[in-house]
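Below is one structure, written out as structure tokens, with a few remarks after it.
The values are calculated or read from the model by the stated rules, or taken from the named source; none is laboratory data. What you are looking at is a predicted structure, and each value in this text was computed from that prediction instead of being measured. With ideal geometry, Cβ positions are generated from the backbone for all residues, glycine too; neighbour counts draw on all protein chains shown.
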Amino acid sequence: MLSIIASHTAMLIALWVVLILIGLTIVVRLLLGLRSSTAVADLATAVTRPLLVDVLPMLIVSWLTTIDPTHVLILIWYYVIAVVISVRQLLELGNIVRK
């Protein structure tokens with residue numbers, strides 16, 4: 001599975017950007033959550049939700065490159081997903097910092 005992403009440099013860079021933005025958002029949310037009285041369940045959701053909702057679909061779409069011989073359609077969708085997730089994470093990070 002990861003060999004597909006590792007063989008395409010742009011896919012690997014897109015995945016790294018998404019993971020870095022998710023990680024940054026999680027760290028900021030955890031630090032701000034520890035300062036206030038946030039429930040542990042909310043902090044656990046902040047950590048696990050992005051991995052299940054954002055990263056897992058990206059990995060599933062990367063698997064679909066094996067059934068598309070040209071890889072063009074799947075790569076387009078992969079990059080669209082990466083851009084949308086990145087924008088959403090940046091907006092969420094901005095909202096967290098503003099609060």
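Looking only at residues that are of a type outside the set (Lys, Arg), in a helix (DSSP H, G or I) and modelled with pLDDT under 80 in the range 23-38, which one is farthest from residue 93 (Cα to Cα)?
For the range 23-38, the residue satisfying everything is 34.
Only one of 55, 80, 97 is under 11 Å from the mean Cα position of the chain (by Cα), surrounded by fewer than 17 Cβ atoms within 10 Å (Cβ to Cβ) and assigned to a helix (DSSP H, G or I). Can you tell me which?
Working: 80 fails: under 11 Å from the mean Cα position of the chain (by Cα); 97 fails: under 11 Å from the mean Cα position of the chain (by Cα).
Unique residue meeting the criteria: 55.
Taking the condition at pLDDT 95 or above and loosely packed, with under 12 Cβ neighbours inside 10 Å, does residue 87 pass? Quick ask: steps written out before the conclusion?
On the way: at pLDDT 95 or above: yes; loosely packed, with under 12 Cβ neighbours inside 10 Å: yes.
Taking the combined requirement at face value, the residue satisfies it.
Let's see how each residue does on (1) within 22 Å of residue 97 (Cβ to Cβ); (2) of a type in the set (Gly, Ala, Ser); (3) surrounded by 12 or more Cβ atoms within 10 Å (Cβ to Cβ):
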residue	(1), (2), (3)
18	yes, no, yes
23	yes, yes, yes
26	yes, no, yes
41	no, yes, no
44	yes, yes, no
74	no, no, yes
Q: Return only the number of the condition from (1) modelled with pLDDT under 85; (2) surrounded by 12 or more Cβ atoms within 10 Å (Cβ to Cβ) that residue 66 does not satisfy.
A: (2)
**Q.** Odd one out for residue 41 among (1) modelled with pLDDT under 90; (2) of a type in the set (Gly, Ala, Ser); (3) closer than 22 Å to residue 87 by Cα
**A.** (3)
